[in-house]
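Notes follow once the structure below has been shown.
The values are calculated or read from the model by the stated rules, or taken from the named source; none is laboratory data. If you're wondering where the values come from, they're calculated on a predicted model, not measured in any experiment. Here the Cβ positions follow ideal geometry from the backbone for every residue, glycine too, while neighbour counts run over all protein chains shown. Ligands, DNA and RNA are stripped out before the accessible areas are found, and what is left, the full protein with its side chains, is counted by its heavy atoms. Shrake-Rupley method; radii C 1.70, N 1.55, O 1.52, S 1.80 Å.
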Amino acid sequence: MTSSKTWTLGAAFLSGALFLASCGGGEAPQPEPEQPAVGDPRIILGNIDPNQDLPSAVNVQALAQSDVPALRDLKAPVDAEGRFALTLPDAATMNGFEDLQGAGETFGCFDPAAVTAPAGNQFFAVRYVHGVNNGRDYFHKTDSGKEGEASVKTMRVFAKQDAKVSIKPSDTCPISADLDLKAGWNAVEETIGAGDNAVTAYKMTTLPAGELIFRDTQLFAGSVGKN
């Protein structure tokens, strides 16, 4: 190869290297920060509205009273716009929680004859998140809050094992449930009926993409007595 050809190839290689360096081509691409999985019932993505008198953080009050440090310290900061992302404990941590309950206790039915659930399975329900520094409770409701209207909320239910839970309403148990719970956290819809002889119903639900709107129980119109 002649010296002129050698110079030409060397110059071309050097120019290409300089171009890549100027574009950052010599650096390894930085990984994107991990985002919460959309629709994961273990992760509560919330937006408190109206965002007045916001708490600095939210937790699950019953878990915060636990003897298990990982449960007691669980909380999520709330930003200036009312947004938070609270990741509920994993199954191994929840299995150490001292206040897991049977199906009847979890869903408020104390008539054993009305409840069908696997023997020995235990559960825990999260209906609200709690303001750490202001003592207020916040929940996700999809109804308007008007008097005389059913109250519809999204909640999370932990099951120690897979469980089909059925509850049939009775005179002593105004509860209805048809649930196919998986081990771990599940999204469940709670509908508290309006009027005389109203029944509270539970069914499986799916989480919409993005944040859920959470309301202050003290501010939500018509919520008194139906929280």
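Surface composition of region 103-227: carbon plus sulfur atoms contribute 50% of the solvent-accessible area (1.4 Å probe, protein chains only, all chains present). If only the Cβ of Lys and Arg carry +1 and only the Cβ of Asp and Glu carry -1, the dipole of region 59-216 around its Cα centre is close to 240 debye.
Calculate, in nm to one decimal, what residue 110 and residue 217 gain on full extension: separation in residues at 0.36 nm each, minus their alpha carbon distance.
Separation in residues times 0.36 nm, less the Cα-Cα distance, equals 35.9 nm.
The residues of region 106-187 have, on average, 46 Å² of accessible surface per residue, using a 1.4 Å probe with all protein chains present. Farthest toward the positive end of the dipole of region 49-170, out of 135, 101, 56, is the Cα of 101, where the dipole comes from beta carbon charges about the Cα centre. Taking GluC sites (Glu not before Pro) across region 138-207, the ones in a DSSP loop with at most 13 further Cβ atoms lying within 10 angstrom of their Cβ are 147. Remark: the residue 180-residue 81 segment gains 32.1 nm on full extension, using 0.36 nm per residue and subtracting the alpha carbon distance. Only the Cβ atoms of Lys and Arg (+1) and of Asp and Glu (-1) were treated as charged; on that basis the dipole of region 40-118 about its Cα centre amounts to roughly 120 debye. For the peptides 73-81, 170-178, 203-211, 125-133, the ranking by mean Cβ contacts within 10 Å, running from highest to lowest, is 125-133, 170-178, 73-81, 203-211. The P(r) of region 74-169 has a tail past 16 Å containing 67 percent of all C-alpha pairs.
When the listed pairs 141/168; 75/182; 146/203; 164/203; 160/182; 153/203 are checked against a 19 Å cut-off, the alpha-carbon distance exceeds it for 141/168; 75/182; 146/203.
Length available on full extension from residue 206 to residue 146: 0.36 nm per residue minus the Cα-Cα distance, which gives 19.1 nm.
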